[in-house]
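Accompanying notes for the structure given below.
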Amino acid sequence: MLHRPLISVLVSFIGGILFGHIIRDARAFIFPFLVIFTSLLLASIFIPRPFRSFIMGGLFFFTGVLFILNTHHESDLLQWVHEKENIIIEGTVIQPMRIDGDIARVDIMTERVIRDGKSLHLKEKIFATIYNHPQIFSPGDRIRFPAKLRPFRNFNNPGRYNYSLSMSLKGYCCSASVSDGRYIVPMGKGRLGFPWAVVEQCRRPIRQFFTEKLSARNQAVLSALILGERQNISPDLREPFNVTGLGHILAVSGLHIGLIAWLSFGIFKRLFSFSHYWMLKIDIRKAAAVTTCIPVVIYTFLAGFQVSSQRAMIMVLAFLFSIILEREKEMWSTLALASLIILALDPTALFSISFQLSFLAVVGILWLAPPVQSLVPKLFQQDEQKFLYSHLYSYGIGMIVVTFSAVLFLLPVTSFYFHRIPMISIPANLTTVPILGFWVLPLGLLSGILAHIIPSIAYVFLQLTSWGLDGMMAVIQFWARLQWASFWVVTPNMFEIILFYGLLFTIFFFKVRRWAKIGFCFIVIAVLMDISYWTYKTQFNRHLIITYFDVGQGNAALVQFPGNQRMLIDGGGFHVGHFDVGGMVVAPALWYAKINRIDYLVLTHPQSDHMNGLCFIAANFKPKEFWYNGDRVETQTFQNLLKILETKKIKISQPLDLSNGKDISGVHIEIFNPPVNSESITGYYNSRDLNNRSLVLKLSYRGRSALFPGDLEDSGEQKVVENFGDALQSDILLAPHHGSKTSCSNAFLKSVNPDLCVISSGSGNFFGFPHAATIQRLNEFGTQITRIDKVGATRISIDEKGWKIKTFLGKEASQMEKVGGSL
């Protein structure tokens, strides 16, 4: 690293950013850090040269600390996020709206907030959701509307995705909820500011041109590729890209800007070579590099000058300037310089997935591609008659090597974030990227630019682009339809990610360094120990473990029986929108625990907040049996679930099949509701009727028990008490109907007599669950209450000694334990 000081500087700077992020709430440290920074700066002047590198490392470390601390600012809007009343907001729309049926989502830059007759001027970015009758607004439109403000909230489960941090990194301060789009008042044109106003002025006619001339699918994809607008990319359209490992194509990033730069550089270099004058007068490679900067900046500009495209532009420009300065062989230093510039402009970029993937992909290519390339046989070396074949061979091999190097190096990171390994990523990239780079991107960009000038010619280019898009999508869908195209994987933890990179590092130096051989042996031993630990924990479990997941306003509970069998009781879900609780919340929590199989799926009753998340689990976690109460409803999700059960040949059990109970690994399961002789509900239904027909399960093990009553309400509770009485007695109760005042009746609580009641409801939910009356009744019975919306997912372990509870708030384990029934 001594001959590449920029790498040492980058490492020190990143270390400072990480340290500053850890202590970000301790702003009192800023002054002491300034003093240390100034001292190091002075010391670097007077200290002898051999020690100066250590001083410079410390200097950049504290620079990183100060930079990241300076980015943390409290939002003035946060003072109203827990208010129950609406506040009036005036602001400017800054991105195209995303419309999904009767729901619209839009980014707004606030200008004025009105509360209790007082007006406050605030410039904050908010994420607004409009329910019912959304109106269509464009970027630059100024609007006024009443809204409730809410903080961004995570689903607090082990292995959660930090949604709150992600939105903060994107510049949002909070979310806003508008109950009806008819309350929104247009107020003319707003102020986007420079350069965004100019950007929007150029992008608006292109957006309109694409919308008018292209099919809905091609318009959505081309808008993402050229304008960086992914609002119209539906989950169904996105899925083939994710399956094939081509999800990065839909976000304007290093690939797109790199392709434009590579193509432009080749064209400009060839144009300059046509002139003998210019070939003698200038270095055409440097001239091509300078002129290539123009289309790179134009493309970034048209793509909305978004953060991810800005980072990619900086990396590409850094490489172009390395050509101008005749330092293009110093790729590592160029990467370090580009990363330093990006992080200096925005230190929080270090925590964004896009920066991590882009940076690590380039590292993987620079590090692994040369040795991998050296293993490839060289053909057509001196055969001029096979010049074309030689170039095609070199191009194909180069694409394979680059893709393989990037995919391999990113493997643990993509597994950590996306839980998926695309098996056909290399052939998919090999067949798709050329169409994208040589056809779709350049022609789409030309059509967009010419739409301002010569619309008729622009339409010709757009039609050609559309044909290219059709071909590209056909290729992607071909690969995505393969049964083995991708598979889901458990989530690697940080220790396992370090082991992976340590293994790569020692293999790289295995033949030339003795320490690499020793390190390789130690890492292999650590890998075997890690595999042994998780095998024992997941296959030879000695306890009954129940984990109540945080799924917002809904229910989902994982039951891990002694041994290796597992049951999921309900899967959570939302009744509106495309957010898949099963795939985005429940499954990541399972993968984090190294669970990739669920033996029994249980649906207490077919309502969205219990059912919608089960579709993903049924499709991807290989269940053997599906239990439900027998009720059938005419919702699309329920029909999809039945179709998955039929396709996967999963056994379906109803109350009559389970009337004698079931024993699983020493755990006895009893079904108390609905009565086996009752008539099932089919078709349209009254929600109260469905609630009272909830499947009620009791799990008993080693003298301890847990009751799952679904959404029983008072009348349903009364029937269950009449039929089973004291048999309902359980140590642990999942509050029926999320703690509604119409549930947890005195008679029911008297029969169950729980020591602990777990309440699963969404924070700040529309229904006001849990109701105060329910909390009061539980307190009167002396029942300990655990609210998942307050403490996160709750894990209860039961063995011969009693039971123990832990709650999870992200990575922080609970501060609450209860053993054998006593706190």
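Tabulated data
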item	result
Residue tally, condition modelled with pLDDT of 75 or more, part of a loop (DSSP other than H, G, I, E, B) and within 32 Å of the chain's Cα centre (by Cα), over segment 790-823	2
Where a residue in segment 181-193 is polar (S, T, N, Q) and its partner, wherever it lies, is surrounded by 13 or more Cβ atoms within 10 Å (Cβ to Cβ) and assigned to a strand (DSSP E or B), with Cβ under 8 Å and at least six apart	none
Any pair with Cβ under 7 angstrom, 6 or more apart, that starts in segment 708-731 at a residue that is closer than 17 Å to residue 607 by Cβ and ends at one that is basic (Lys, Arg)	713/688
Sole residue being assigned to a strand (DSSP E or B) and surrounded by fewer than 22 Cβ atoms within 10 Å (Cβ to Cβ), chosen from 700, 715	700
Identity of the residue in segment 170-197, β-branched (Val, Ile, Thr) and under 31 Å from the mean Cα position of the chain (by Cα), that ends up nearest to residue 150 (Cα to Cα)	178
Verdict on residue 71 being modelled with pLDDT under 85 and part of a loop (DSSP other than H, G, I, E, B)	yes
Members of segment 718-758 that are of a type in the set (D, E, K, R) and in a helix (DSSP H, G or I)	719, 722, 726, 750
Options 206, 233; residue that is surrounded by 19 or more Cβ atoms within 10 Å (Cβ to Cβ) and of a type in the set (A, V, I, L, M)	206
Qualifying residue in segment 59-81 (condition: surrounded by fewer than 21 Cβ atoms within 10 Å (Cβ to Cβ), within 27 Å of the chain's Cα centre (by Cα) and small (Gly, Ala, Ser))	yes
Selection count, segment 236-268, where residues are small (Gly, Ala, Ser), over 20 Å from residue 424 (Cα atoms) and surrounded by fewer than 19 Cβ atoms within 10 Å (Cβ to Cβ)	2
Close pairs (8 angstrom Cβ cut-off, 6 or more residues apart or separate chains): aliphatic (A, V, I, L, M) in segment 388-413, open to solvent by 60 Å² or more (accessible area, probe 1.4 Å) and part of a helix (DSSP H, G or I) anywhere	397/373; 401/373
Complete set of residues in segment 517-546 that are touching a strand residue (DSSP E or B) at 6+ places or on another chain (Cβ under 7 Å) and in a helix (DSSP H, G or I)	none
Positions within segment 319-341 being among the aliphatic types (A, V, I, L, M), within 29 Å of the chain's Cα centre (by Cα) and open to solvent by less than 60 Å² (accessible area, probe 1.4 Å), in sequence order	335, 336, 338, 340
Residue within segment 188-196 that is at negative phi and part of a helix (DSSP H, G or I) present	yes
Segment 414-473 - residue that is within 20 Å of residue 225 (Cβ to Cβ) and among the aromatic types (Phe, Trp, Tyr) and, of those, surrounded by the most Cβ atoms within 10 Å (Cβ to Cβ)	461
Segment 1-34: number of residues that are modelled with pLDDT of 80 or more, aromatic (Phe, Trp, Tyr) and open to solvent by 60 Å² or more (accessible area, probe 1.4 Å)	1
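Rundown of residues vs (1) open to solvent by less than 50 Å² (accessible area, probe 1.4 Å); (2) in contact with a His (Cβ under 9 Å, 6 or more places away or on another chain); (3) β-branched (Val, Ile, Thr), yes/no style:
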position: 480; (1), (2), (3): yes, no, no
position: 490; (1), (2), (3): yes, yes, yes
position: 512; (1), (2), (3): no, no, yes
position: 530; (1), (2), (3): yes, no, no
position: 542; (1), (2), (3): no, no, no
position: 547; (1), (2), (3): yes, no, yes
position: 550; (1), (2), (3): yes, no, no
position: 565; (1), (2), (3): yes, no, no
position: 582; (1), (2), (3): yes, no, no
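Yes/no matrix, rows are residues, columns are (1) surrounded by fewer than 19 Cβ atoms within 10 Å (Cβ to Cβ); (2) farther than 18 Å from residue 610 by Cα:
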position	(1), (2)
640	yes, no
648	yes, yes
651	yes, yes
664	no, yes
672	no, yes
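The values are calculated or read from the model by the stated rules, or taken from the named source; none is laboratory data. As the structure is a prediction and not an experimental result, all values here were calculated from the model. FYI the Cβ positions are ideal-geometry reconstructions off the backbone, even for glycines, and counts take in every protein chain you see. Note: areas computed on protein heavy atoms with side chains; ligands, DNA, RNA excluded. Shrake-Rupley method; radii C 1.70, N 1.55, O 1.52, S 1.80 Å.
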